Amino acid sequence: MQLLPDLYVVGGSLIGLTGSQVKGPFDDCNVYALDIGSEIILIDTGNGDSWPTIQEHMQQWGLDTRKISTALITHPHYDHAQGAHLLQEAGIKLVAHTYTADAMEKGDERCCGYLYHHVFTPVSVDRILEDDEQFTVGALTVQSIHLPGHTLGCTGFLISWRGKKVLFSGDVIGTLGYGHFGWNGSIDFNKQVYIKSLLKLSTIDFDVMLPGHGLGSFTNPRERVEESLNEALMTWR
């Protein structure tokens, strides 16, 4: 589906594009494709099994999959990062926060393969980000925002696109379109750290929020952040 000019969602079980709707809404994450002209950037990789289907969806929109240069990883969970080794084999560079990169390289329980009854395939990312870092992919400037809590490596990616500030938020905000938080079963889930991340995110200005599962918010997305912060303060302290 095209969400904004040259910005597409090309994978995701909750929205019916990839994965299994029978196994549950977290079988496969939303995968976004951003066509910046000379190259295409993906946000997250999906669960690996969906990689051929993701490429088919891109081709349906006239996107040349040979132009995919980079994948930005929001966190190391299986449904978001298991496909990373396949992308790397295809020559696509992987970018992730240092904590996420460590989890992916080790392929340990932080990747939650056990939740899917599979073993995560270890992979070393090509570029490691610190907590908050501005970097470029081609002509595009990206601001990474470290938002730990759901996992300790959770990272949002903020860009300016077609006159709008777009945040790829991963699983930081309620990912089913209702409810306020990402899954709380992670080995490294931390309520108090999560509260600090929600407070941090509530101070950042953006126009569109595209989450790791489900539908995005194109009108007043910060209201969802503030609602989540309010809920966290009431229930987690």
Q) Quick check: anything in the range 144-162 open to solvent by 10 Å² or more (accessible area, probe 1.4 Å), among the basic types (Lys, Arg) and not in a loop (DSSP other than H, G, I, E, B)? A) no
Q.
Given the condition under 26 Å from PRO148 (Cα atoms), open to solvent by 10 Å² or more (accessible area, probe 1.4 Å) and aliphatic (A, V, I, L, M), answer yes or no: does some residue in the range 13-20 qualify?
A. yes
Q: For the range 64-123, enumerate the residues that are part of a loop (DSSP other than H, G, I, E, B) and under 16 Å from CYS154 (Cβ atoms).
A: ILE73, THR74, HIS75, PRO76, HIS77, CYS112
(Q) Restricting to the range 45-77, give me the number of residues that are open to solvent by less than 40 Å² (accessible area, probe 1.4 Å), under 17 Å from LEU17 (Cβ atoms) and among the polar types (S, T, N, Q). (A) 4
Q | Among residues of the range 33-50, those that are under 14 Å from THR121 (Cβ atoms) and within 13 Å of the chain's Cα centre (by Cα), counted | A | 3
Q) When the range 78-94 is examined, which residues are found to be open to solvent by 10 Å² or more (accessible area, probe 1.4 Å) and either farther than 13 Å from ASP126 by Cβ or in contact (Cβ under 8 Å) with a residue 12 or more places away in the chain (or both)? A) TYR78, GLN82, HIS85, LEU86, GLN88, ALA90, LYS93
Q: Pull up the range 163-197, narrow it to residues that are open to solvent by 30 Å² or more (accessible area, probe 1.4 Å) and of a type in the set (Phe, Trp, Tyr), then point me to the one that is nearest to PRO5 (Cα to Cα).
A: TYR178
Q | Residues of the range 29-56 that turn out to be part of a helix (DSSP H, G or I) and either more than 24 Å from ILE173 (Cβ to Cβ) or in contact with a helix residue (DSSP H, G or I) (Cβ under 8 Å, 6 or more places away or on another chain) (or both), as a count | A | 5
Q. Can GLY163 be described as more than 17 Å from the chain's Cα centre (by Cα) and within 23 Å of ASN220 (Cβ to Cβ)?
A. yes
Q) Checking ILE173 against (1) within 14 Å of the chain's Cα centre (by Cα); (2) at pLDDT 95 or above, which single condition isn't satisfied? A) (2)
Q) Among the residues of the range 1-19, which ones are in a loop (DSSP other than H, G, I, E, B) and either in contact (Cβ under 8 Å) with a residue 12 or more places away in the chain or in contact with a Ser or Thr (Cβ under 6 Å, 6 or more places away or on another chain) (or both)? A) MET1, PRO5, ASP6, GLY12, SER13, LEU14, ILE15, LEU17, THR18, GLY19
Q: Of all residues in the range 21-35, count the ones that are open to solvent by 40 Å² or more (accessible area, probe 1.4 Å) and β-branched (Val, Ile, Thr).
A: 1
(Q) If LEU4 satisfies all but one of (1) open to solvent by 50 Å² or more (accessible area, probe 1.4 Å); (2) over 22 Å from LEU94 (Cβ atoms), what's the number of the condition it fails? (A) (1)
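The values are calculated or read from the model by the stated rules, or taken from the named source; none is laboratory data. Just so we're clear, the structure is a prediction, and the values are computed from it rather than from any experiment. Note that we place each Cβ from the backbone using ideal geometry, even for glycine, and neighbour counts take in every protein chain shown. Heads up: the accessible areas ignore ligands, DNA and RNA and are worked out on the full protein's heavy atoms, side chains in. Shrake-Rupley method; radii C 1.70, N 1.55, O 1.52, S 1.80 Å.
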